[in-house]
Amino acid sequence: MSELKVAIAGLGAIGKALALALHTGMPGLRLTAVSAHDLQRATRWLDERGIAAHVVPVADLAQHADLIVECAPGAILSDICTPVLRAGKRVMVLSAAALLTRPELIDLARAHGGQIIVPSGALLGLDAVTAAAEGQIQSVRMITRKPPNGLAGAPHLVRNNISVADLTAPKLVFAGTAREAALGFPANVNVVAALALAGIGPERTTIEIWADPTVTRNCHAIDVASDAATFTMSIENVPSENPKTGRITAQSVLAALRKLTAPLRIGT
């Protein structure tokens, strides 16, 4: 396969991990461009590590790469994706919760021959869910437990005056659909958004979110009932330097990137 040029939109914990991995060397992949909120700071970070890549505004990323990996706040998802999709290129979206509220991006990809890729991220079992969706899925239910500081500041908590400070026992802070959760916890529930997109959609996928002082990891449990299989999955993710994000998220993106150029591809 020919070399795939990759750009990164956002240089936080995940973006930096990807940049370092691509710089170290991934067969068939080359980092060609980076964008960030502070372009000068991003340039310094790359220079200090000897990483050669263009540092450009998000609107210019599509000019430098075949695939753009979005590692930025969900609020600017459209700014990142729109020029990429209009150019008929691919964008890997980590802010799946933001994607649920922007269906026009999917229409844009369809109209221009672009593609939106949503990696598994901090979740597991999406292969099984997408396979089950080829038949009939009756229900998908998810329970998320996070350390309270990983939920602090979420719009749903602020709007409803829900405090997660100084908890001594688990506290249910939300129960509803994936779509409602995406609006109320845009930085916390990309996992359930990906699950909804893989399965029966954001209206029929349900979630409970618990602020749990007894856990130190981001914990997700999923129950799926379908005509092909009934299965339960659970995962405990070690947080990255950003408590809202698990370390495995960056590794999931790297695995997804490797699949794009690998001579042997495992999984659906």
Within segment 141-160, of all residues that are within 19 Å of the chain's Cα centre (by Cα) and of a type in the set (Val, Ile, Thr), the one farthest from ARG204 (Cα to Cα) is THR144
How many residues of segment 134-188 are at pLDDT 95 or above, part of a helix (DSSP H, G or I) and of a type in the set (S, T, N, Q)? The answer is 0
Within segment 189-201, is even one residue buried (at least 24 other Cβ atoms within 10 Å of the Cβ) and in a loop (DSSP other than H, G, I, E, B)? yes
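Enumerate the helices (runs of 4 or more DSSP H) found wholly within segment 1-114, keeping only those where 2 or more residues are open to solvent by 50 Å² or more (accessible area, probe 1.4 Å).
The helices (runs of 4 or more DSSP H) meeting that bar are 13-24, 39-48, 77-86, 104-112.
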Point to revise | Boolean, GLY150 is on the phi > 0 side of the Ramachandran plot, open to solvent by less than 20 Å² (accessible area, probe 1.4 Å) and touching a Lys or Arg at 6+ places or on another chain (Cβ under 9 Å) | key: no
Selection from segment 197-223 of residues of a type in the set (Val, Ile, Thr) and touching a helix residue (DSSP H, G or I) at 6+ places or on another chain (Cβ under 6 Å) yields THR205, ILE207
Q.
Against the condition of a type in the set (A, V, I, L, M, F, W, C) and within 21 Å of PRO239 (Cβ to Cβ), how does ALA122 come out, does it pass?
A. yes
Flagged in segment 217-268 as of a type in the set (Ser, Thr, Tyr) and crowded, with 19+ Cβ neighbours inside 10 Å, in numbering order, are SER226, SER240, THR245, THR249, SER252
Those residues of segment 153-170 that are open to solvent by 70 Å² or more (accessible area, probe 1.4 Å) and either among the basic types (Lys, Arg) or under 16 Å from ALA221 (Cβ atoms) (or both) come to a total of 1
Scanning segment 203-216 for residues that are in contact (Cβ under 8 Å) with a residue 60 or more places away in the chain and among the charged types (D, E, K, R), the one surrounded by the most Cβ atoms within 10 Å (Cβ to Cβ) turns out to be ASP212
Here the qualifying pairs (Cβ atoms under 7 Å; residues six or more apart or on different chains; first in segment 163-178 and farther than 14 Å from VAL215 by Cβ; second open to solvent by 50 Å² or more (accessible area, probe 1.4 Å) and charged (D, E, K, R)) come out as THR177/GLU203
Only one of (1) free of Cβ contacts under 8 Å to residues at least 12 places away in the same chain; (2) in contact with a helix residue (DSSP H, G or I) (Cβ under 8 Å, 6 or more places away or on another chain) does not apply to PRO103, and that is (2)
SER120 vs (1) closer than 19 Å to CYS219 by Cα; (2) open to solvent by 30 Å² or more (accessible area, probe 1.4 Å); (3) at pLDDT 95 or above: all pass except (3)
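The values are calculated or read from the model by the stated rules, or taken from the named source; none is laboratory data. Bear in mind the structure is a predicted one, so any value in this text is a computation, not a measurement. As a convention, Cβ positions derive from the backbone with ideal geometry for all residues, glycine included, and neighbour counts pool all protein chains shown. Heavy atoms of the whole protein, side chains included, go into the accessibility calculation; ligands, DNA and RNA do not. Shrake-Rupley method; radii C 1.70, N 1.55, O 1.52, S 1.80 Å.
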